[in-house]
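What follows is one structure encoded as structure tokens, with my remarks underneath.
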2 protein chains.
Amino acid sequence: MRSSTKKVSRRVGRPRAYDPDAAVGRMTEVFREVGFARASLDEIAQATGMNRPSLYAAFGDKKAMYFRAIDHFSAEMRARVERALADDDLGRSLAGFFAAALELYRAGGDTPPSCLVLCTAPAEAADDADIRARLGQTLAEIDGVFVGRLQRARAAGTLRPDADPEQLGLLLAATLHSVALRARAGQPQAQIDALVAGAVALVLGPRA
Amino acid sequence: MRSSTKKVSRRVGRPRAYDPDAAVGRMTEVFREVGFARASLDEIAQATGMNRPSLYAAFGDKKAMYFRAIDHFSAEMRARVERALADDDLGRSLAGFFAAALELYRAGGDTPPSCLVLCTAPAEAADDADIRARLGQTLAEIDGVFVGRLQRARAAGTLRPDADPEQLGLLLAATLHSVALRARAGQPQAQIDALVAGAVALVLGPRA
DNA sequence: CTTTTTTTGTACTGCTTCGCATAAAATTCT
DNA sequence: AGAATTTTATGCGAAGCAGTACAAAAAAAG
């Protein structure tokens with residue numbers, strides 16, 4: 001399909017006036033700010049610079065757009081915490097994880113939009129089985145990340161001997177859920193940092 | 001105003017066809033199930049058996065109804081956990097608190113509607129300063145309840161000496177936030193119970 | 001240049017929504 | 001019995017909504 005000429009080979013037809021990745025990013029910000037029910041197609045069209053028929057052609061219906069935004073946000077979250085998770089120092093790893101998450105939660109507005117999934121999906125979840133399942137997957141993924149990180153620390157001998165990776169992993173996940181809600185409510189950074197510091201300290205245990 | 005006759009004295013005018021308390025309860029269930037943006041006045045009218053002008057006359061506009069529902073739900077929550085909080089045994093007190101909260105979160109539907117505030121207010125919070133403030137108040141109240149309970153345990157000498165009431169109180173609050181989201185996502189009871197048991201065990205510390 | 005294909009741009013459709021207007025109904029008071 | 005008051009019942013108005021129809025525009029291919 002791609003030719004060797006200096007111009008990129010194109011299929012016939014009028015060229016697109018939008019960049020799909022940029023459009024998804026902007027759509028994500030709308031959903032993150034106002035949630036699924038409140039977000040209108042006009043609003044998304046305006047944010048992306050696309051007309052509504054183009055939105056439907058590119059992404060499907062409104063719910064498909066919402067799921068696309070969730071995928072985008074989740075990938076962004078994974079990318080941001082990846083480096084922290086790879087840190088061998090457990091305390092630094094966990095603190096880095098939460099710092100990276102908070103950075104993402106605070107990016108994008110005067111009031112922190114926080115987490116797209118944890119702050120907007122629950123409102124839809126009781127009534128929409130698809131969204132409820134997607135929320136469940138995100139919760140399970142977060143559990144898995146923390147429990148997995150602590151099990152790695154156990155295998156490397158860097159987790160204190162009396163600590164249970166499952167128990168502490170769930171508590172770290174709960175901490176992230178709480179951080180998301182607090183950020184959305186506009187709690188001051190220092191207050192959220194205190195919660196995070198307390199949770200990490202508990203995992204590490206008393207200083208030897 | 002109340003006469004001594006066997007009939008209750010009434011002001012002039014057609015009698016109300018609804019019971020305000022029952023109506024608030026039903027309105028609360030609608031908002032809890034579908035959230036603020038998704039709840040329509042028709043739906044609330046149907047659930048309460050009232051016509052829309054009666055709704056407006058009795059409760060004000062849609063947002064005032066939502067806040068009324070939040071007040072109602074919060075009062076219900078306080079009533080349900082009151083007894084557990086008064087228990088002098090700290091472990092039993094905390095376990096009882098979460099059991100009572102979960103009972104309320106699971107009451108009312110096939111899929112657990114969970115917490116009205118923690119599951120529906122965040123979706124509106126970034127865009128509506130009033131709802132954001134109300135969410136912040138609820139988060140602060142939950143913090144205060146747990147920190148206060150642990151400070152009481154400290155004063156009574158029933159909290160282990162190396163425990164910090166503030167730190168652990170925030171973690172218990174985070175646990176409640178997490179419980180609400182998990183219940184809303186339909187997580188199995190056993191999974192949520194594991195999180196709660198782990199948090200309570202951490203607060204109590206190792207068994208002597 | 002014409003044909004084909006894809007995308008854009010505008011308008012439309014068939015609802016739904018919130019809040020209000022107003023007449024009728026139901027009560028008490030005189 | 002009539003007047004005053006409160007509530008109910010029905011319908012309205014203006015705006016908004018998600019999804020679609022279709023003509024025009026913009027490109028490649030022959």
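Here are the numbers for this structure:
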| item | result |
| --- | --- |
| Options A:Val179, A:Val147: the member that is more than 16 Å from the chain's Cα centre (by Cα), among the β-branched types (Val, Ile, Thr) and not in a loop (DSSP other than H, G, I, E, B) | A:Val147 |
| The one condition in (1) more than 14 Å from chain A (Cβ to nearest Cβ); (2) farther than 22 Å from B:Asp130 by Cβ; (3) surrounded by fewer than 17 Cβ atoms within 10 Å (Cβ to Cβ) that B:Tyr56 fails to fulfil | (2) |
| Subset of segment B:188-199 that is surrounded by fewer than 20 Cβ atoms within 10 Å (Cβ to Cβ) and not charged (D, E, K, R) - its residue that is nearest to A:Glu141 (Cα to Cα) | B:Gln191 |
| Segment A:123-133: number of residues that are facing another protein chain (nearest Cβ under 9 Å) and not in a loop (DSSP other than H, G, I, E, B) | 6 |
| Where a residue in segment B:16-44 is touching a residue at least 40 places away in the same chain (Cβ under 8 Å) and within 14 Å of another protein chain (Cβ to nearest Cβ) and its partner, wherever it lies, is in a helix (DSSP H, G or I) and near DNA strand C (Cβ under 9 Å from one of its atoms), with Cβ under 7 Å and at least six apart | none |
| Any hit, segment A:150-164, residues being at pLDDT 95 or above, in contact with a Ser or Thr (Cβ under 7 Å, 6 or more places away or on another chain) and over 19 Å from B:Gln191 (Cα atoms) | no |
| Positions within segment B:115-172 being of a type in the set (S, T, N, Q), under 23 Å from A:Leu116 (Cα atoms) and surrounded by fewer than 24 Cβ atoms within 10 Å (Cβ to Cβ), in sequence order | B:Gln137, B:Thr138 |
| Within segment B:72-110, tally of residues that are of a type outside the set (Lys, Arg), part of a helix (DSSP H, G or I) and surrounded by fewer than 13 Cβ atoms within 10 Å (Cβ to Cβ) | 5 |
| Hits in segment B:27-45 - residues which are within 14 Å of DNA strand D (Cβ to nearest atom) and outside any helix (DSSP H, G or I) | B:Ser40 |
| Hey, A:Met50 out of contact with any Cys (no Cβ under 6 Å at 6 or more places or on another chain), within 16 Å of DNA strand C (Cβ to nearest atom) and not in a helix (DSSP H, G or I) or not | yes |
| Tally, over segment A:149-208, of residues that are free of Cβ contacts under 8 Å to residues at least 40 places away in the same chain and of a type in the set (Lys, Arg) | 4 |
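Conditions tested, residue by residue: (1) out of contact with any helix residue (DSSP H, G or I) (no Cβ under 6 Å at 6 or more places or on another chain); (2) more than 10 Å from chain A (Cβ to nearest Cβ); (3) within 23 Å of B:Arg32 (Cβ to Cβ).
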residue: B:Ala84; (1), (2), (3): no, yes, yes
residue: B:Ala121; (1), (2), (3): no, no, yes
residue: B:Leu135; (1), (2), (3): no, no, yes
residue: B:Gly157; (1), (2), (3): yes, yes, no
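The values are calculated or read from the model by the stated rules, or taken from the named source; none is laboratory data. Note that the structure is a prediction, hence the values are computed from the model and not measured. Positions of Cβ are generated from backbone atoms using ideal geometry, with glycine treated the same way; all protein chains shown enter the neighbour counts.
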